[in-house]
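Colleague: Okay, handing you the structure first.
The values are calculated or read from the model by the stated rules, or taken from the named source; none is laboratory data. On a predicted model such as this, the values are computed, not experimentally measured, just so you know. Note: ideal-geometry Cβ built from the backbone for every residue, glycine included; neighbour counts use all protein chains shown. Ligands, DNA and RNA are stripped out before the accessible areas are found, and what is left, the full protein with its side chains, is counted by its heavy atoms. Shrake-Rupley method; radii C 1.70, N 1.55, O 1.52, S 1.80 Å.
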Amino acid sequence: MTAVPEAAVFDVLAIAAHRDDVEQTCGGTLLKMAERRRRTSILDLTQGEMGTRGTVEQRASEAGEAARILKVSCRQALDIPDGRVENTYDNRIKIARVIRQLRPRVLILPYWKARHPDHATASVLGDEAAFLAGLAKLDLGAPAHRPFKIIYASLYADVRPSFVVDISGQFDARFAALMAYRSQYQDQQQGSNLFPRETEIRERIAAMAGFYGLLAGVRYAEPFVQKEVGLVDDLLAIPVQSI
Ligand SMILES: [Zn+2]
């Protein structure tokens, strides 16, 4: 994993339960921000020891490769048990420490309703950890910090997004980042033809990104929910055509 520079200040931190979650839900957005010289980072809460395929070591090296493709400056993984992501004080503190260390302005969390309990819990955990990280009297060895903005990656949630990010220019790289998880996405049998499986996954990913793109009149997009209302300064600068 990439090392964390001393007194690092990051623009964006994406937190997710499992390695490869971020690649699926907001990888294109992270890459787009990095291409705009924003400093991006990822925190995976678990190390993937419950996965049917691949070892923890394999997943760690795959996550590093995916981070390189997405131009992420720093990627870390906590040791919260895979399949047992729980909203405990200990786990909140572990995440709060990372938030203080990286000092992100924007925090990306999973949407709070999800089929996988780890995803739903990761959302609430991230929220509460961000709050704790901002408590000045809580001594965690680094100055208090609270992200200015929290947004929720909602790709797999059946919910209308507050906004989408155009990732038409980042789609191919995001797909390559997902495919870096060879232990997860490639057929395991020696000599089997890898191509059809990859084509099928690409079709599925493109269908999702295409659907959210269509909502905003672009080719591919990633959806997000924010709890706050949008604030507009200039009516003439509001994007997305109505009719
Ligand atoms: Zn996951």
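Colleague: Could you work out how far apart the two model spin labels at LEU231 and ARG84 are, taking each label as a point 7 Å from the Cα in the direction of the beta carbon, and quote it in nm?
Modeller: The two pseudo-label positions are separated by 4.4 nm.
Colleague: Label points 7 Å out from Cα along the Cβ direction at SER242 and ARG182: separation in nm?
Modeller: 5.3 nm
Colleague: Using a 1.4 Å probe on the protein heavy atoms, what percent of the accessible area of the chain belongs to carbon and sulfur?
Modeller: About 53 percent, which is the carbon plus sulfur part of the accessible surface.
Colleague: Oh, and also: Which pairs in the list LYS113/LYS227; LYS32/LYS113; LYS71/LYS94; LYS94/LYS227 are over 22 Å apart, alpha-carbon to alpha-carbon?
Modeller: The pairs that break the limit, which is 22 Å between Cα atoms, are LYS32/LYS113; LYS71/LYS94; LYS94/LYS227.
Colleague: So what does log10 I(q)/I(0) come out to for the chain at q = 0.12 Å⁻¹, using the Debye formula with one equal point on every Cα and no solvent?
Modeller: -0.68
Colleague: Could you please report the charge total around LEU155, scoring K, R as +1 and D, E as -1 over all other residues with beta-carbon less than 12 angstrom from its beta-carbon?
Modeller: Here the charged neighbours net out to -2.
Colleague: In square angstrom, rounded to the nearest 10, how much accessible surface does PHE175 have for a 1.4 Å probe?
Modeller: Here the residue's solvent-accessible area equals roughly 10 Å².
Colleague: Between beta-carbons, use under 10 Å as the cut-off and find the net charge around THR46, counting Lys and Arg +1, Asp and Glu -1.
Modeller: -3
Colleague: In Å², what does the accessible area per residue of region 138-243 work out to with a 1.4 Å probe?
Modeller: That works out to 64 Å² for each residue.
Colleague: Moving to a separate point now. Tell me, how many Å apart are the Cα centres for region 12-54 and for region 88-144?
Modeller: For region 12-54 versus region 88-144, the Cα centre distance is 15 Å.
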